[in-house]
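S.K.: Handing you this structure, nothing more for now.
The values are calculated or read from the model by the stated rules, or taken from the named source; none is laboratory data. Computed from a prediction, not measured in an experiment: that's the story for all the values here. In this analysis, Cβ positions are derived from the backbone assuming ideal geometry, glycine residues included, and neighbour counts consider all displayed protein chains. Quick note on the areas: whole protein, heavy atoms, side chains included, nothing else; ligands and nucleic acids left out. Shrake-Rupley method; radii C 1.70, N 1.55, O 1.52, S 1.80 Å.
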Amino acid sequence: MGSEKQGFIWLSGLLFLNIFVLSTADVHYYEFSLQESLFTKLCSTKIILTLNGSFPGPEIRVRRGDTVFVNVHNQANYAVSLDWEGVTDTIDGSNNTIQPGRNFTYNIELGDEIGTLRWHATSAWAAATVHGAFVILPVATEDYPFPAPTSDQTIILGEWFREELTEANQTITPGSADAYTINGHPGETYGCSNDTTFEMQVDYQGLYLVRVINAVANETMVFDIENHRLTIVGQNGTYTNRSFTNSLTLAPGQVIDVLLFPNQNVGHYYITARSSSGTHITNGILRYTTTTTSL
């Protein structure tokens with residue numbers, strides 16, 4: 001995961017006018033390394049492009065109004081740039097392409113964005129594995145406009161290709177993926193006993209803020225949790241009016257924040273992600289760790 005430091009930057013020669021903002025906002029530093037890594041899924045091994053060797057990539061977690069510096073070192077063989085989707089304020093270097101052997105620092109000045117956004121490589125072939133969550137929490141003195149969650153969980157819906165994706169082989173068409181993934185896990189539906197399954201543990205009557213990101217290119221994804229209703233509270237970096245649903249339909253690149261209130265019998269329930277075209281289906285597990293006390 002990326003390293004992070006927090007604090008204030010005071011630069012000589014600057015005229016400090018917005019004292020309140022400077023006194024409440026933090027400055028964060030992340031170090032990302034773009035590299036080629038070996039991954040085994042669907043009973044075969046291949047090289048993929050990653051950030052910090054992980055798929056999905058590392059999560060950025062800050063607060064509303066913060067400043068974020070992300071220093072990306074390109075240790076791979078391809079030139080890559082990153083897109084900070086949904087950030088509406090200043091991004092220095094948003095169009096910068098990082099050549100192999102070079103590094104670049106993105107300077108991101110957050111404004112009113114709140115909730116969950118995503119970052120990803122700009123080219124489709126690289127974005128299939130180079131992507132991650134950008135979580136923006138309320139400031140410490142700010143309340144949620146809904147019941148405060150006891151915990152939160154990011155869920156990224158991704159895709160996996162058996163063949164290696166490169167600049168020369170970069171066409172990603174709807175339905176062309178060999179599998180879908182939940183936080184990098186293909187689950188048990190693809191016939192490979194070595195594949196892992198994503199598992200989310202919950203407490204009975206806890207309240208969870210679940211951040212669902214569709215990182216699948218060119219595919220609308222349907223997401224649900226067996227026997228559980230979801231309360232939509234945010235989309236694409238902003239709060240929304242609360243609404244209730246049994247499933248989510250996410251367009252490519254869409255992010256939806258939901259509240260989950262686990263109130264079923266102890267046991268486990270399937271988390272399901274599938275394309276609207278029905279090409280593949282991927283399962284995870286929602287597992288209760290506690291339940292009601294016996295009388």
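S.K.: Could we say that G278 is outside any strand (DSSP E or B), touching a residue at least 12 places away in the same chain (Cβ under 8 Å) and surrounded by fewer than 22 Cβ atoms within 10 Å (Cβ to Cβ) here?
M.R.: Details: outside any strand (DSSP E or B): yes; touching a residue at least 12 places away in the same chain (Cβ under 8 Å): no; surrounded by fewer than 22 Cβ atoms within 10 Å (Cβ to Cβ): yes.
Considered against the rule, which asks whether it is outside any strand (DSSP E or B), touching a residue at least 12 places away in the same chain (Cβ under 8 Å) and surrounded by fewer than 22 Cβ atoms within 10 Å (Cβ to Cβ), G278 comes out as no.
S.K.: Scan N283, N218, N227, N265 and give me the residue that is open to solvent by 20 Å² or more (accessible area, probe 1.4 Å), more than 24 Å from A148 (Cβ to Cβ), of a type outside the set (D, E, K, R) and in a strand (DSSP E or B).
M.R.: Working: N218 fails: in a strand (DSSP E or B); N227 fails: in a strand (DSSP E or B); N265 fails: in a strand (DSSP E or B).
Selected residue: N283, the only one of N283, N218, N227, N265 that is open to solvent by 20 Å² or more (accessible area, probe 1.4 Å), more than 24 Å from A148 (Cβ to Cβ), of a type outside the set (D, E, K, R) and in a strand (DSSP E or B).
S.K.: Would you mention how many residues in segment 188-215 are in a loop (DSSP other than H, G, I, E, B) and buried (at least 23 other Cβ atoms within 10 Å of the Cβ)?
M.R.: The total comes to 1.
S.K.: Can you give me the number of residues within segment 252-293 that are among the hydrophobic types (A, V, I, L, M, F, W, C) and in contact with a Lys or Arg (Cβ under 7 Å, 6 or more places away or on another chain)? So that I can check it myself, show each step before the final result.
M.R.: Start the filter on segment 252-293 by keeping residues that are among the hydrophobic types (A, V, I, L, M, F, W, C), which leaves 255-256, 258-261, 266, 271, 273, 281, 285-286.
In the following step, the residues that additionally are in contact with a Lys or Arg (Cβ under 7 Å, 6 or more places away or on another chain) were identified as 255, 281.
Result for segment 252-293: 2.
S.K.: Is it the case that some residue within segment 96-109 is in contact with a Leu (Cβ under 6 Å, 6 or more places away or on another chain) and either more than 14 Å from G57 (Cβ to Cβ) or among the hydroxyl-bearing types (S, T, Y) (or both)?
M.R.: There is no residue in segment 96-109 that is in contact with a Leu (Cβ under 6 Å, 6 or more places away or on another chain) and either more than 14 Å from G57 (Cβ to Cβ) or among the hydroxyl-bearing types (S, T, Y) (or both).
S.K.: Sticking with this structure for a sec: Would you be able to say whether some residue in segment 211-225 is farther than 16 Å from G158 by Cβ and touching an Asp or Glu at 6+ places or on another chain (Cβ under 6 Å)?
M.R.: No; the residues of segment 211-225 include none that is farther than 16 Å from G158 by Cβ and touching an Asp or Glu at 6+ places or on another chain (Cβ under 6 Å).
S.K.: Scanning segment 57-80 for residues that are part of a loop (DSSP other than H, G, I, E, B) and open to solvent by 20 Å² or more (accessible area, probe 1.4 Å), which turns out nearest to V139 (Cα to Cα)?
M.R.: If we take residues in segment 57-80 being part of a loop (DSSP other than H, G, I, E, B) and open to solvent by 20 Å² or more (accessible area, probe 1.4 Å), then R64 is nearest to V139 (Cα to Cα).
S.K.: Please enumerate the residues belonging to segment 236-249 that are open to solvent by 50 Å² or more (accessible area, probe 1.4 Å) and either within 18 Å of A133 (Cα to Cα) or not in a strand (DSSP E or B) (or both).
M.R.: N236, T238, Y239, N246
S.K.: What do you reckon, is V233 touching a residue at least 24 places away in the same chain (Cβ under 8 Å) and assigned to a strand (DSSP E or B)?
M.R.: Answer is yes for this residue.
S.K.: Something else: Taking only segment 36-54 into account, find how many residues are out of contact with any Ser or Thr (no Cβ under 7 Å at 6 or more places or on another chain) and part of a loop (DSSP other than H, G, I, E, B).
M.R.: The qualifying residues number 2.
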